[in-house]
Amino acid sequence: MQIVNMGRPRIDKGWLLVVITVAIAYISVFAYVHVGHVVFRYVGNNYTITYTRYPELLQPFGSLFFDPPTIFPMITVNVRNLPNNRVGTVSIYLSAPTTNGFIDLGTYAINESLSKHSVSLLIDLSNYVEPAIELIKQLHNNPANSGPSVLAFITTIVNDSGRLYAVTDAIIIPVILGLAEGSVVTVNVNFTPQIISQVHIINTTSKQDPSPPSTIQGSCTWIYPRPVKICTTWKETNTIANSSNAPLPILITYIGPSNVYPYSANYIDDIGMIVNIVVYTSSSSSFGFDMSLVVPTRSGKPFIEVPGPSYSWSVNSSYSQTQLAYDCGFYDSINIPNTPSSCYYSGGKYLTQLPAFGSNGGLMAISIYGTEYILNYTEYECSYLWGIISLGCQAINYSYLAWFAPNSVPNGQWAAGGFIDTNPAAQGTWLSKLVYTLFNSGAVKYVALSSQVGPSDTYTISTNNVYSSAGSSYGFAFGMPAIAICYLLGIGCPPQTEYLIIGVYAQSSSSMTPFYQFYSLISTTDTLPNTYFCYPGYYVYVQPLNNYYSAPMIIVEPNPAPSCLSHPIHLIRPINSTK
């Protein structure tokens, strides 16, 4: 009888080694291709945008064993925290700048279960790549590390006590092509309604807008028991103002005439103005120019929001760059005759001569120049019987948007320029009209640095004075009035657009290593000997942006005089004004 060994079967150690090796390799490669490297991050008020790059495997292995990621120009938008009373679909309307104005990039909608508090949409920006490149080239910037942004209106419909409202959140999506190409671009939004509009069933076309659309795609809901579907969306309907060489003043100095107390023009030799903007960082960071959005209201005080940057730069972990170093010297034709004013970049490059000021005083500015748009966006509502037959469309809300991106000059700095109005009381230039409008609208606040200074022959107002007196942070981001373009072009901009502001933002991707941004805005007044400075100070252009900008544009008023009265002086005002 043969005895059979019934013990444990023998395992071929060679095959076991192969299986273990393959398993380890698979796990390693899986981890390798699924652990990406973030090359760009922007954090907004309620949303985050990341560019993530993943290693690629040789084909066909990557496609056989792993799901290939969705890379740019496809973008994934995750919308979370949707309202509990949501009754409509979620839609995203996209609009973006080009060299010839803003273009419509389409409306995307998703019909998810109303019980869901989060949805994901896949949007396609392939049609915007070429226009973005053309715009970057026009600005003389580099697409490898800078680019414009796409504006996105995210809308849904809610039922609040039997009334329907379209609620909208506005965000931006930076398009920095050098970093976006080959990256997985993800937008995570914590939905926060910024704009609220009531919707109704309509039977006729609204008379508010002369040419509303006949049909729209957007956020939709059914009105039961009626067989009617209502849809809402946003559209860019009008370019109010645009220029490829628009000035945005960042530092202004005012000197009063010689025949009005304190007779400042009689006692001045010259005004020196300096703007230095230097960016330092030791961590991966981004900086740029913020856009603003205004929704007019009946009260006259509009709702103002800063969706995010209109144009951005991404910098690596070790970066130091002078974005602007620009000086202007303005001279008094009475005390220093035959000496023109002049402005130039550091080192005397690109010198520009300007007029001197005289007995009428002067209003002087240093501005950043670039491409600017002021736009009108309209929110439309359309009603459909059985979801097919149009019952009409109407405009239910509107907003204004200011967009700006600076031009660059051959030395790599932002384009800048000086300007002087030699008779500001006549309000004959864009600068004087702008300043007087801001002053009368209450958009500026006067801050007196002291009751009087003197006798002295020099007085300087700088950002150091601003930090100590206004209580702003050392690295504040300045802001500029967007409506300067309206006065430059000589057009009438709609009411409440004076609240539009262009600001500068800076943020770091590391919470451990802060991003430093230093500004030096200096206005120095040189006067005749033994001159007093009566309530020297400045006007700060402040908008109700939830303290978004702590101390933006400065309008300096040194008030040189032979002696001082016992009350503050506020001379920047229109003729015959009692303000």
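The values are calculated or read from the model by the stated rules, or taken from the named source; none is laboratory data. Keep in mind it's a predicted model, so treat the numbers as computed, not measured. We place every Cβ from the backbone using ideal geometry, glycine too, and count neighbours over all the protein chains shown. Please note that ligands, DNA and RNA were not included when accessible areas were found on the heavy atoms of the full protein model with its side chains. Shrake-Rupley method; radii C 1.70, N 1.55, O 1.52, S 1.80 Å.
Of ILE374, ILE420, ILE389, ILE334, which residue is of a type in the set (Val, Ile, Thr) and buried (at least 24 other Cβ atoms within 10 Å of the Cβ)? Give the derivation first.
Details: ILE420 fails: buried (at least 24 other Cβ atoms within 10 Å of the Cβ); ILE389 fails: buried (at least 24 other Cβ atoms within 10 Å of the Cβ); ILE334 fails: buried (at least 24 other Cβ atoms within 10 Å of the Cβ).
Selected residue: ILE374, the only one of ILE374, ILE420, ILE389, ILE334 that is of a type in the set (Val, Ile, Thr) and buried (at least 24 other Cβ atoms within 10 Å of the Cβ).
Inspect all residues belonging to segment 105-128 and state whether any of them is in contact (Cβ under 8 Å) with a residue 40 or more places away in the chain, in a helix (DSSP H, G or I), open to solvent by 30 Å² or more (accessible area, probe 1.4 Å) and within 26 Å of GLY36 (Cα to Cα).
Taking every residue of segment 105-128 in turn, at least one turns out to be in contact (Cβ under 8 Å) with a residue 40 or more places away in the chain, in a helix (DSSP H, G or I), open to solvent by 30 Å² or more (accessible area, probe 1.4 Å) and within 26 Å of GLY36 (Cα to Cα).
Filter segment 279-301 down to the residues that are part of a loop (DSSP other than H, G, I, E, B) and at pLDDT 75 or above, then identify the one that is least open to solvent (accessible area, probe 1.4 Å).
Going through segment 279-301, the residues part of a loop (DSSP other than H, G, I, E, B) turn out to be 282-284, 291, 296-301.
If we keep only those that are at pLDDT 75 or above as well, we get 291, 296-297.
On the way: MET291: 2, PRO296: 24, THR297: 54 Å².
So the residue we want is MET291.
If the Cβ limit is 7 Å and pairs must be 6+ apart or interchain, which residue in segment 133-146 that is touching a residue at least 24 places away in the same chain (Cβ under 8 Å) and assigned to a loop (DSSP other than H, G, I, E, B) pairs with which residue that is open to solvent by 30 Å² or more (accessible area, probe 1.4 Å) and of a type outside the set (Lys, Arg)?
Cβ pairs passing all conditions: PRO143/ILE133; PRO143/GLY178; ALA144/GLY178; ASN145/GLY178.
If you go through segment 364-390, how many residues are more than 30 Å from VAL556 (Cβ to Cβ), assigned to a strand (DSSP E or B) and of a type in the set (Phe, Trp, Tyr)?
Total meeting the criteria: 3.
Determine whether VAL435 is in the same structural domain as GLY308 (by the TED database), closer than 30 Å to GLY288 by Cβ and aliphatic (A, V, I, L, M). Can you show your working first?
Details: in the same structural domain as GLY308 (by the TED database): yes; closer than 30 Å to GLY288 by Cβ: yes; aliphatic (A, V, I, L, M): yes.
Judged against the criteria, VAL435 is a match.
Got a number for residues in segment 432-460 being closer than 30 Å to ASN530 by Cα and in a strand (DSSP E or B)?
Total satisfying the criteria: 13.
Here are some conditions: (1) buried (at least 16 other Cβ atoms within 10 Å of the Cβ); (2) assigned to a strand (DSSP E or B); (3) modelled with pLDDT of 85 or more. SER244 meets all but one. Which one does it not meet?
Result: SER244 fails condition (1) only.
Would you be able to say whether some residue in segment 151-162 is of a type in the set (Asp, Glu) and either open to solvent by less than 10 Å² (accessible area, probe 1.4 Å) or free of Cβ contacts under 8 Å to residues at least 40 places away in the same chain (or both)? Full working, then the answer.
Of segment 151-162, the ones of a type in the set (Asp, Glu) are 160.
Adding the requirement that they be either open to solvent by less than 10 Å² (accessible area, probe 1.4 Å) or free of Cβ contacts under 8 Å to residues at least 40 places away in the same chain (or both) leaves none.
No: zero hits.
Could you please find all residues in segment 337-354 being open to solvent by less than 70 Å² (accessible area, probe 1.4 Å) and within 22 Å of GLY428 (Cβ to Cβ)?
Within segment 337-354, PRO340, SER341, CYS343, THR352, LEU354 qualify.
Could you list, in sequence order, the residues of segment 476-497 that are open to solvent by 40 Å² or more (accessible area, probe 1.4 Å) and at pLDDT below 85?
To start, the set of residues in segment 476-497 that are open to solvent by 40 Å² or more (accessible area, probe 1.4 Å) comprises 487-492, 495.
Result: PRO495, single match.
Just to be sure, is ASN316 closer than 30 Å to GLN217 by Cβ and open to solvent by 50 Å² or more (accessible area, probe 1.4 Å)?
Working: closer than 30 Å to GLN217 by Cβ: no; open to solvent by 50 Å² or more (accessible area, probe 1.4 Å): yes.
So ASN316 fails the test.
Looking only at segment 252-273, filter to residues that are open to solvent by less than 10 Å² (accessible area, probe 1.4 Å), touching a Ser or Thr at 6+ places or on another chain (Cβ under 6 Å) and not in a strand (DSSP E or B); which one of those is nearest to LEU431 (Cα to Cα)? Spell out how you get there, then give the answer.
First, pick out the residues of segment 252-273 that are open to solvent by less than 10 Å² (accessible area, probe 1.4 Å): 252-253, 255-256, 262, 264-265, 268, 271, 273.
Pick out the ones that are also touching a Ser or Thr at 6+ places or on another chain (Cβ under 6 Å) and you get 253, 255-256, 265, 268, 271, 273.
Then drop every residue that is not not in a strand (DSSP E or B), which leaves 256, 265.
Numbers: GLY256: 15, ALA265: 19 Å.
Across segment 252-273, the extreme among qualifying residues is GLY256.
Can you find a residue that is surrounded by fewer than 24 Cβ atoms within 10 Å (Cβ to Cβ) and over 24 Å from the mean Cα position of the chain (by Cα) anywhere in segment 185-196?
no
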